[in-house]
Amino acid sequence: LVVRMKRVAIFGSTGAIGRRTLEVIAHLQPGFRVTALVANRNVAEVARQARELKVRYAAVADERNLPELEQALRGTGIRALAGETGMNEIAASRDTDIVVMALAGTQGLSPTLVALEQRKRVAIATKEIIVAYGDFVMAQAKRSGAEILPIDSELSAIHQCLHGCERSEATRREATRREATRREVSRIILTASGGPFYRRRDLSRITVKQALNHPTWDMGRKITVDSATLMNKGLEAIETARYFGIEPNRIEVLIHPQSIVHSLVEFRDGSLLAQLALPDMRLPIQYALTYPQRLPRLVAETRLERLGPLTFSAPDLKRFPCLGLALKALRQGGVKPCVLNSANAVAVEAFLDGGLKFTQIPEVVAWALRRFEPEGALTLDELRLHESVARDLTLGRCRAMGRNHR
Ligand code: MG
């Protein structure tokens, strides 16, 4: 057996997922090597990582930071790149076998499509790309035969329930696999921790600091707020539908505060499969890198006898309207999931800046959704235009609401 070393480009290397990916790759030595790093705007940190790992390329998503990056990499021989062009170059590079996509928001859409077009594996953590552009991303993967593996723990759990065990060569083929999934799966059940406020009655006075204090997962700021509003689970429901090709009415959500069962799949014969482990993103990251192989673990052993009871309950959509808005957008389809994602990103940013109350996040998202008809089939450019119109409209709305509440 000849094992070829896999060369990995990490988009979003200075964020929570990026840093954990670096830990996983260090653990998987010598089978994997980092050859490119991309940060949103943390120039000092991406330059430090690039020097330490002696990568070929380092890039910043925001072009304005290129001179600073060039300066920081002077004399190292590492190529400094920036913007969509630079990111696409890394995604298409012959020095890249796997792209780990963990850049915030949808700015990683273009390099994701380029990598898939070049038939490279994409391990995707950025659910926003699948939520807003999932149809295009999955179609590109299908066209070129590229693999796309989820890093999101819930989608990884579902993927593991469906494909994490040995299957015949025929059913491992992507098309056959999706077909079998549609036929055999009756329900997909996403679990949600419920976030820090699930047991709280009054959500009107939630502060930013309280919202950023997640009980079971240590993550970036945007996703932590999304977990507190339950929008994160709504985005994952859309992500699941797009990624696995499952109809919206077969996707359900259960509150499971312990975050041990990461999601479940019910098959038509009545059997439920679940994936369990202590909450640690390094496990789904490792799975996305090594699939279909299972390599020795980096994460702590899950000893069920040492954990307390595992509990499950139906979500409360009245107190957490974001989840209901996302499930409705999923059912309506068309441009709605893209608008939901765009409006939510703006509203969360406004909340983090102190310009919006916690309970105004769903109000703003609902307002933006009412402004758009679902519409039928759109081109990628049309969809990108809708995303930016939704962003601008929501920005204006947040400013107006912020003035009133200050
Ligand atoms: Mg998740």
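The values are calculated or read from the model by the stated rules, or taken from the named source; none is laboratory data. Here the structure is a predicted model, which is why all the values come from computation and not from measurement. Cβ atoms come from the backbone with ideal geometry, glycine included; neighbour counts cover every protein chain shown. These accessible areas exclude ligands, DNA and RNA; they are computed on the full protein's heavy atoms, side chains included. Shrake-Rupley method; radii C 1.70, N 1.55, O 1.52, S 1.80 Å.
Of all residues in the range 90-111, how many are under 13 Å from the mean Cα position of the chain (by Cα) and either under 21 Å from Ala50 (Cα atoms) or assigned to a loop (DSSP other than H, G, I, E, B) (or both)?
Number satisfying all stated conditions: 9.
Quick check on this structure: which one of Glu84, Glu117, Glu70 is of a type in the set (D, E, K, R) and touching a Pro at 6+ places or on another chain (Cβ under 9 Å)?
On inspection, the qualifying residue turns out to be Glu84.
Need pairs with beta-carbon distance below 6 Å; first residue within 23 Å of Ser342 (Cβ to Cβ) and within the range 204-222, second hydroxyl-bearing (Ser, Thr, Tyr) and part of a helix (DSSP H, G or I); sequence gap 6+ or separate chains.
From residues that are within 23 Å of Ser342 (Cβ to Cβ), the pairs are Leu212/Thr224.
Checking the condition acidic (Asp, Glu) and part of a strand (DSSP E or B), which residue from Glu266, Glu301 passes?
Values: Glu301 fails: part of a strand (DSSP E or B).
The unique qualifying residue is Glu266.
Among the residues of the range 314-329, is any hydrophobic (A, V, I, L, M, F, W, C), in a helix (DSSP H, G or I) and without any contact (Cβ under 8 Å) to a residue 60 or more places away in the chain? Please lay out each step first, then the result.
Residues of the range 314-329 that are hydrophobic (A, V, I, L, M, F, W, C), as a first pass: 314, 317, 320, 322-323, 325-327, 329.
With in a helix (DSSP H, G or I) added as a condition, the list becomes 322-323, 325-327, 329.
In the following step, the residues that additionally are without any contact (Cβ under 8 Å) to a residue 60 or more places away in the chain were identified as none.
Checked against the condition, which is being hydrophobic (A, V, I, L, M, F, W, C), in a helix (DSSP H, G or I) and without any contact (Cβ under 8 Å) to a residue 60 or more places away in the chain, the range 314-329 yields no hits at all.
If only one of Asp226, Asp218 is among the charged types (D, E, K, R) and over 22 Å from Val335 (Cβ atoms), which one is it?
Asp218
Can you find a residue in the range 326-345 that is under 23 Å from Ala211 (Cβ atoms), among the hydrophobic types (A, V, I, L, M, F, W, C), over 19 Å from the mean Cα position of the chain (by Cα) and open to solvent by less than 20 Å² (accessible area, probe 1.4 Å)?
no
Can you work out which of the residues in the range 1-39 that are open to solvent by 50 Å² or more (accessible area, probe 1.4 Å) and assigned to a loop (DSSP other than H, G, I, E, B) is modelled with the lowest pLDDT?
Leu1
Give, as residue ranges, the helices (runs of 4 or more DSSP H) completely inside the range 146-187 that count at least 2 residues that are at pLDDT 70 or above.
Fully inside the range 146-187 and qualifying: 153-163, 174-184.
Any residue that is modelled with pLDDT of 95 or more, within 24 Å of Pro150 (Cα to Cα) and of a type outside the set (Phe, Trp, Tyr) - is there at least one of those in the range 60-70?
Within the range 60-70 (the criterion being modelled with pLDDT of 95 or more, within 24 Å of Pro150 (Cα to Cα) and of a type outside the set (Phe, Trp, Tyr)), the answer is yes, since at least one residue qualifies.
For Phe197, all conditions in the list (1) in contact with a helix residue (DSSP H, G or I) (Cβ under 8 Å, 6 or more places away or on another chain); (2) open to solvent by 10 Å² or more (accessible area, probe 1.4 Å); (3) more than 16 Å from the ligand (Cβ to nearest atom) hold save one; what is the number of the exception?
Here Phe197 clears every test but (2).
What is the residue count in the range 201-223 for residues that are within 14 Å of the ligand (Cβ to nearest atom) and basic (Lys, Arg)?
Count: 1.
Can you confirm whether the range 94-110 contains a residue that is among the small types (Gly, Ala, Ser), open to solvent by less than 10 Å² (accessible area, probe 1.4 Å), away from the ligand (no atom under 16 Å from the Cβ) and touching a Phe, Trp or Tyr at 6+ places or on another chain (Cβ under 9 Å)? Can you show your working first?
Applying the first criterion (among the small types (Gly, Ala, Ser)) to the range 94-110 yields 102, 104-105, 108, 110.
Then keep just the ones that are open to solvent by less than 10 Å² (accessible area, probe 1.4 Å); that gives 108.
Those left that are additionally away from the ligand (no atom under 16 Å from the Cβ): 108.
Keeping just the survivors that are touching a Phe, Trp or Tyr at 6+ places or on another chain (Cβ under 9 Å) gives 108.
Yes: one or more hits.
Pick from Val299, Val253: which is free of Cβ contacts under 8 Å to residues at least 40 places away in the same chain and in contact with a Lys or Arg (Cβ under 7 Å, 6 or more places away or on another chain)?
That would be Val299, the only listed residue that is free of Cβ contacts under 8 Å to residues at least 40 places away in the same chain and in contact with a Lys or Arg (Cβ under 7 Å, 6 or more places away or on another chain).
Out of the range 117-146, which residues are polar (S, T, N, Q) and open to solvent by 10 Å² or more (accessible area, probe 1.4 Å)?
Scanning the range 117-146 gives Gln118, Gln140, Ser144.
For Gln286, which of the numbered conditions (1) closer than 27 Å to Gly105 by Cβ; (2) surrounded by 20 or more Cβ atoms within 10 Å (Cβ to Cβ); (3) within 14 Å of the ligand (Cβ to nearest atom); (4) more than 14 Å from the chain's Cα centre (by Cα) fails to hold?
(3)
Just one of (1) surrounded by fewer than 17 Cβ atoms within 10 Å (Cβ to Cβ); (2) within 15 Å of the ligand (Cβ to nearest atom); (3) acidic (Asp, Glu) trips up Glu305, so point out which.
(2)
Could you check the range 49-92 and list, in sequence order, the residues that are without any contact (Cβ under 8 Å) to a residue 12 or more places away in the chain and closer than 17 Å to Ser110 by Cα?
The answer is Thr85, and nothing else.
Give the number of residues within the range 224-260 that are within 12 Å of the ligand (Cβ to nearest atom) and assigned to a helix (DSSP H, G or I).
Residues meeting the conditions: 12.
Within the set of pairs 6 or more residues apart or between chains, which connect a residue that is over 22 Å from Thr176 (Cβ atoms) and part of a helix (DSSP H, G or I) inside the range 118-142 to a residue that is β-branched (Val, Ile, Thr) and within 16 Å of the ligand (Cβ to nearest atom) with Cβ atoms less than 7 Å apart?
That search, which allows pairs on different chains as well, returns Val131/Ile238.
Would you mind telling me which numbered condition in (1) open to solvent by less than 30 Å² (accessible area, probe 1.4 Å); (2) under 24 Å from Gly220 (Cα atoms) Gly86 fails?
Exception for Gly86: condition (2).
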